[in-house]
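S.K.: Dropping a structure here in structure tokens format, bear with me for questions.
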Amino acid sequence: MRYITSKNIDDVVAFKQQLLRWGHQFNDVVWMDSNQHNGKYSSYDAILAVDGFLSIQTDYIDAFDKLKEFQGTTKDWIFGYLTYDVKNGMEPLKSNNFDGLEFSDLFFFQPKKLFLIRGNQVEIQYLNMVDDEVDADFEAICNFQYLESSAKIQPVKIKLRTHKEAYFEKVNTMLNHIHRGDIYEANFCQEFYVEDATINPLETFEYLNKVSKPPFATFLKQYDKFLMSASPERYIKKKGNKVISQPIKGTAKRAKNKFEDEQLKVDLSTNEKERSENIMIVDLVRNDLSKTAIKGSVKVEELCKVYTFPQVHQMISTITSQIAESTNPIDIIKTTFPMGSMTGAPKLSAMKIIEALEDAKRGLYSGTVGYFTPQGDFDFNVVIRSILYNQTKKYVSYSVGGAITSKSNPVNEYEECLIKAKAMRKVLEG
């Protein structure tokens, strides 16, 4: 059972910063920040979950069955992630590429302490075993003094796992698969990394979030492993009997000149290649949602709408469905995972080709972070535009990718990757 109380916040911006800085001391941390992107399907401005009571950490084998048991047993808020490689327990797939980060395939925890911010109020939910700490913690948060590291974020030298010429060769191989009819589209990714690196995860995240201001920003800490995510993309959400998926496909750079920037936005919205990328994934998501939907309830609410973010313009579609009351929430995720925007179509063939051509194991990149409520609702992002860090191994990584279709030009695809990598590179290289 949880003790629940609400408190008013005078300065929301300052409180959010102090709350995260106070919360990052715990071993289990999930912070999610909408950065004031109050869309139609937004629930909270920010959430902090810390201090795991019960948790599950497992590999991909029977991962969804184990998660279903954990979620059904706790019947409470749980927060965590599924890596891309959970797919290996669902299909005849494997992940033998290099892995410098070593995140477990699946991790969720039941937080002892939970903060839900909406407007100028924070709802605080503590497990009864720690409910006597609420007032002291709230006072500590309001008066929290964070000692920033005396040195600035030390710039690091980023290496390429896949060099430019090899990238072109691999994209051409993928195009051969497309022209042969093996796939229509696939998301091809490459890793950038740093070895023997020491970074400050919290300050790195704060800088990345300030630069990008995305709607699905996430800071995750699992002991010595960290995710600093500036994700613009929702994977999937359930609210009552409604399911919402919002895949992103189609990217354009920003321009400083207002007229030029507006033209780039228009160009993206009318670009035949970018629209075809998006529409193919919309069809895939419609098919995935139909596996748990009430017949005839899958709808495309928004098709290829362009949204603007500090670094890029993005083309986003919104697909929804209605589910029966008896549908288990874990089954909705299982039948849609991994998300179509990070795989391709047909999904299984695309994943096999991706595995053969990519040089690094994706792990948490292109996986998902999110939460389940006690009522079985959930909300999950897509882990993109993210820096990942194994503190013990001193390994830092970020990956970027793009959809390859029959109209793709390898040079243009490479340039799109660099646009997507801009914020992470700026944060790490200074």
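S.K.: Determine which member of the set GLN18, GLN36 is farther than 22 Å from PRO329 by Cα, in contact with a helix residue (DSSP H, G or I) (Cβ under 7 Å, 6 or more places away or on another chain) and either outside any strand (DSSP E or B) or without any contact (Cβ under 8 Å) to a residue 60 or more places away in the chain (or both).
M.R.: Numbers: GLN36 fails: in contact with a helix residue (DSSP H, G or I) (Cβ under 7 Å, 6 or more places away or on another chain).
Of the residues listed, the single one that is farther than 22 Å from PRO329 by Cα, in contact with a helix residue (DSSP H, G or I) (Cβ under 7 Å, 6 or more places away or on another chain) and either outside any strand (DSSP E or B) or without any contact (Cβ under 8 Å) to a residue 60 or more places away in the chain (or both) is GLN18.
S.K.: Kindly indicate whether ILE236 is assigned to a strand (DSSP E or B) and more than 23 Å from GLY401 (Cα to Cα). Write out each step before concluding.
M.R.: On the way: assigned to a strand (DSSP E or B): yes; more than 23 Å from GLY401 (Cα to Cα): no.
No: the conditions fail for ILE236.
S.K.: I'd like the residue in the stretch 73-99 that is free of Cβ contacts under 8 Å to residues at least 60 places away in the same chain and in a helix (DSSP H, G or I) and, out of all such residues, is farthest from the chain's Cα centre (by Cα).
M.R.: So, considering only residues that are free of Cβ contacts under 8 Å to residues at least 60 places away in the same chain and in a helix (DSSP H, G or I), the one farthest from the chain's Cα centre (by Cα) is THR73.
S.K.: Let me ask you something else. Go over the candidates VAL282, VAL298 one by one and state the one that is more than 19 Å from LEU348 (Cα to Cα) and modelled with pLDDT of 95 or more. Break it down into steps so the answer makes sense when it comes.
M.R.: On the way: VAL282 fails: more than 19 Å from LEU348 (Cα to Cα).
Residue meeting the stated conditions: VAL298.
S.K.: Scan the stretch 355-374 residue by residue and report those that are farther than 16 Å from LEU160 by Cα, open to solvent by 10 Å² or more (accessible area, probe 1.4 Å) and aliphatic (A, V, I, L, M).
M.R.: Within the stretch 355-374, ALA356 is the sole residue that qualifies.
S.K.: Scanning the stretch 301-312 for residues that are touching a Lys or Arg at 6+ places or on another chain (Cβ under 7 Å) and surrounded by fewer than 16 Cβ atoms within 10 Å (Cβ to Cβ), which turns out farthest from VAL211 (Cα to Cα)?
M.R.: Result: THR308.
S.K.: Looking at (1) touching a strand residue (DSSP E or B) at 6+ places or on another chain (Cβ under 8 Å); (2) in contact (Cβ under 8 Å) with a residue 60 or more places away in the chain, which is the only condition ILE294 fails?
M.R.: The failed condition is (2).
S.K.: Do we find that ASN128 is open to solvent by 30 Å² or more (accessible area, probe 1.4 Å) and either closer than 30 Å to SER34 by Cβ or among the hydroxyl-bearing types (Ser, Thr, Tyr) (or both) in this structure? Before the answer, list the steps.
M.R.: Details: open to solvent by 30 Å² or more (accessible area, probe 1.4 Å): yes; either closer than 30 Å to SER34 by Cβ or among the hydroxyl-bearing types (Ser, Thr, Tyr) (or both): yes.
Answer is yes for this residue.
S.K.: So SER341 clears everything in (1) modelled with pLDDT of 95 or more; (2) touching a helix residue (DSSP H, G or I) at 6+ places or on another chain (Cβ under 8 Å) except one condition, right? Which one?
M.R.: (1)
S.K.: Which condition does LYS407 not pass, out of (1) within 20 Å of MET280 (Cα to Cα); (2) in a loop (DSSP other than H, G, I, E, B); (3) open to solvent by less than 10 Å² (accessible area, probe 1.4 Å); (4) not polar (S, T, N, Q), if it passes all the others?
M.R.: The number of the failed condition is (3).
Okay, residues lined up against (1) among the acidic types (Asp, Glu); (2) open to solvent by less than 40 Å² (accessible area, probe 1.4 Å):
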residue: VAL86; (1), (2): no, yes
residue: GLU91; (1), (2): yes, no
residue: SER95; (1), (2): no, yes
residue: GLY100; (1), (2): no, yes
residue: ILE124; (1), (2): no, yes
residue: GLN145; (1), (2): no, no
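S.K.: Please state which one of LYS225, LYS249 is among the basic types (Lys, Arg) and at pLDDT 95 or above. Steps first, please.
M.R.: On the way: LYS249 fails: at pLDDT 95 or above.
Only one candidate qualifies: LYS225.
S.K.: Would you confirm whether or not the stretch 358-369 contains a residue that is under 27 Å from LYS242 (Cβ atoms) and charged (D, E, K, R)?
M.R.: no
S.K.: In the stretch 316-350, how many are surrounded by fewer than 21 Cβ atoms within 10 Å (Cβ to Cβ) and part of a loop (DSSP other than H, G, I, E, B)?
M.R.: Residues that pass the stated criteria total 7.
S.K.: For the stretch 147-172, which positions are surrounded by 14 or more Cβ atoms within 10 Å (Cβ to Cβ) and either part of a loop (DSSP other than H, G, I, E, B) or touching a Leu at 6+ places or on another chain (Cβ under 8 Å) (or both)?
M.R.: ILE153, VAL156, ILE158, ARG161, THR162, LYS170
S.K.: Here's something else I'd like to know. If I go through the stretch 47-63 residue by residue, how many of them are of a type outside the set (Gly, Ala, Ser), open to solvent by 10 Å² or more (accessible area, probe 1.4 Å) and within 21 Å of the chain's Cα centre (by Cα)?
M.R.: Let us first name the residues in the stretch 47-63 that are of a type outside the set (Gly, Ala, Ser), namely 47-48, 50-51, 53-54, 56-62.
Of the ones still in play, those that are also open to solvent by 10 Å² or more (accessible area, probe 1.4 Å) are 51, 53-54, 56-62.
The next check asks that each one be within 21 Å of the chain's Cα centre (by Cα); those that pass are 56-60.
Summing the residues that are of a type outside the set (Gly, Ala, Ser), open to solvent by 10 Å² or more (accessible area, probe 1.4 Å) and within 21 Å of the chain's Cα centre (by Cα) in the stretch 47-63 gives 5.
S.K.: What's the number of the condition LYS113 fails, among (1) surrounded by fewer than 17 Cβ atoms within 10 Å (Cβ to Cβ); (2) touching a residue at least 12 places away in the same chain (Cβ under 8 Å)?
M.R.: So the condition that LYS113 fails would be (1).
S.K.: Tell me, which residue of the stretch 249-260 that is open to solvent by 10 Å² or more (accessible area, probe 1.4 Å) and in contact with a strand residue (DSSP E or B) (Cβ under 8 Å, 6 or more places away or on another chain) is nearest to ASP288 (Cα to Cα)? Full working, then the answer.
M.R.: Keep residues of the stretch 249-260 that are open to solvent by 10 Å² or more (accessible area, probe 1.4 Å), which gives 249, 251-260.
Next, from what is left, pick out any that are in contact with a strand residue (DSSP E or B) (Cβ under 8 Å, 6 or more places away or on another chain): 249, 251-254.
Numbers: LYS249: 17, THR251: 24, ALA252: 27, LYS253: 30, ARG254: 32 Å.
Ranking the qualifying residues of the stretch 249-260, first place goes to LYS249.
The values are calculated or read from the model by the stated rules, or taken from the named source; none is laboratory data. What you see is a predicted model, and the numbers here were worked out from it, not measured in a lab. Neighbour counts are summed over all protein chains in view; Cβ atoms, including those assigned to glycine, are modelled from backbone coordinates with ideal geometry. For the accessible areas, the whole protein counts, side chains as well, though only heavy atoms, and no ligand, DNA or RNA atoms are used. Shrake-Rupley method; radii C 1.70, N 1.55, O 1.52, S 1.80 Å.
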